[in-house]
Amino acid sequence: MQKTELHELRKDPLLGRWVAVMNHSRTPSDYFLPPAAQAEKACIFCAGREGELPPEIMSIPNPHSDMTAGKWWTRVVPNLSPIFRVEGELGRKGEGMYDKMNAIGANEIIIESPFHDVPPEDIGLDQMARVVRTYKERMADLERDARLRYTLVYKNSGVSAGAIYSHSVSHLVSTPIIPKRVKEELDGAKQYFAYKERCVFCDLIREELRFGSRVILETKSFVAFCPYASKFPFESWLLPKRHACAFQDVGVEETEDMALVLSAVLKKLRKLFIGVPFNYFIHSAPNRIPRKNHWHTLGEDYHWHLEIMPRLLRTSGFEWGSGLYVLPTSPEQAAQYLREV
Ligand SMILES: [Zn+2]
Ligand SMILES: [Zn+2]
Ligand SMILES: [Zn+2]
């Protein structure tokens, strides 16, 4: 891979939010390249084209595959145009009133299947369990790097949800900071715990199961529901019933159960709205390597989960300007549609 200068992270002095600034600025006309110029010529994630990608980071092998190449179930490779890079120094710096640092981190692509045309809702239970296991192994591995504070595993499905490739892939980004949206959630959970001495997510699970009206489905280890104050219509959360702050601590049985619930909810969504673009992401604890001002109650007050955001609406000036979201379908109604479909 060509070695380029590191991208830069800058902190907003007003909101404390970090942004990544690319070192090669796009020109105005670059934003309007015709779609054909950006389209995939042929898919490099399909089995048999392994040699055209950077060296793999990990894979779940499939020794019984009858293909000559591509004896794998899932593969993880470095991102082809990474924002964050593993090599280099953090180089925290002040610039007058501003703070910045180098974009050190990890950027990986998780190839969910050796085959091209497999929509995520039809990937199958065994394969979904392998995808979940791949997420888990990468997160556990990256937690060992003390420079990295947070790892986010996420998926973009559909062009308007940010997907660049038509092959089913997920992404992973490890950052040297805790992103603001995550930090707000961690702080909220910490405050709730400080006040009630209980995990807010464990309370949510109890409350949602007691009411039932927002529950989509429940299994032995998971519950899927539409949150009481969702941001988007048909937003769905998957919560593990067993309290654990970090996703990478899930057991084998939970992995299989999670694959079942994730597949079921994606199937339901795509049945209600054919081909709907969506994002999902896993919210897990930040890196638990102890550091200065280390957070001692993290294991008790945070509870990992997965959030699914169908992209049914475009964000308007009102949401951007106020941070207040409008729900044209109530979470209770949305859950009922999802239960019954
Ligand atoms: Zn492909
Ligand atoms: Zn909990
Ligand atoms: Zn969350």
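Quick one: Glu253 ticks every box in (1) open to solvent by less than 10 Å² (accessible area, probe 1.4 Å); (2) acidic (Asp, Glu); (3) not in a strand (DSSP E or B) bar one, so which box is it?
(1)
For the stretch 193-220, enumerate the residues that are under 19 Å from Trp237 (Cα atoms) and touching a residue at least 60 places away in the same chain (Cβ under 8 Å).
Cys199, Val200, Phe201, Cys202, Ser213, Arg214, Val215, Ile216, Leu217
Can we say Lys271 is at pLDDT 95 or above, within 20 Å of Asp122 (Cα to Cα) and among the basic types (Lys, Arg)?
It is true that Lys271 is at pLDDT 95 or above, within 20 Å of Asp122 (Cα to Cα) and among the basic types (Lys, Arg).
Search the stretch 70-84 for residues that are under 14 Å from Ile110 (Cα atoms) and pair each with any residue that is open to solvent by 30 Å² or more (accessible area, probe 1.4 Å) and assigned to a loop (DSSP other than H, G, I, E, B) when their beta-carbon atoms are under 7 Å apart and the residues are at least 6 apart or on different chains.
If the second residue must be open to solvent by 30 Å² or more (accessible area, probe 1.4 Å) and assigned to a loop (DSSP other than H, G, I, E, B), the pairs left are Arg75/Glu56; Val76/Glu56; Val76/Ile57; Val77/Glu56; Val77/Ile57; Pro78/Ile57.
I need the full set of residues from the stretch 143-167 which are surrounded by 21 or more Cβ atoms within 10 Å (Cβ to Cβ) and within 16 Å of ligand 1 (Cβ to nearest atom), in order please.
The answer is Lys155, Ser157.
Is at least one residue of the stretch 320-338 under 23 Å from Gly162 (Cβ atoms), open to solvent by less than 10 Å² (accessible area, probe 1.4 Å) and within 16 Å of ligand 3 (Cβ to nearest atom)?
no
Condition first: in a helix (DSSP H, G or I) and either of a type in the set (Lys, Arg) or touching a helix residue (DSSP H, G or I) at 6+ places or on another chain (Cβ under 8 Å) (or both). Now tell me which residues in the stretch 196-236 satisfy that.
The answer is Lys196, Val200, Phe201, Asp203, Arg206, Arg210.
Taking the residues in the stretch 168-177 that are within 16 Å of ligand 1 (Cβ to nearest atom) and of a type outside the set (Ser, Thr, Tyr) as candidates, determine which candidate is surrounded by the most Cβ atoms within 10 Å (Cβ to Cβ).
Val169
Please go through the stretch 197-229 and pick out each residue that is within 15 Å of Leu327 (Cβ to Cβ) and in contact with a Lys or Arg (Cβ under 9 Å, 6 or more places away or on another chain).
Matches in the stretch 197-229: Phe225, Cys226, Pro227, Tyr228.
Of the residues Ser284, Ser230, Ser236, which is open to solvent by less than 10 Å² (accessible area, probe 1.4 Å), within 16 Å of ligand 3 (Cβ to nearest atom) and out of contact with any strand residue (DSSP E or B) (no Cβ under 7 Å at 6 or more places or on another chain)?
So the residue among Ser284, Ser230, Ser236 that is open to solvent by less than 10 Å² (accessible area, probe 1.4 Å), within 16 Å of ligand 3 (Cβ to nearest atom) and out of contact with any strand residue (DSSP E or B) (no Cβ under 7 Å at 6 or more places or on another chain) is Ser284.
The values are calculated or read from the model by the stated rules, or taken from the named source; none is laboratory data. Everything numeric in this text was worked out from a predicted model, so none of it was measured. Ideal geometry is used to build each Cβ from the backbone, glycine not excepted, and the neighbour counts take in all protein chains shown. Please note that ligands, DNA and RNA were not included when accessible areas were found on the heavy atoms of the full protein model with its side chains. Shrake-Rupley method; radii C 1.70, N 1.55, O 1.52, S 1.80 Å.
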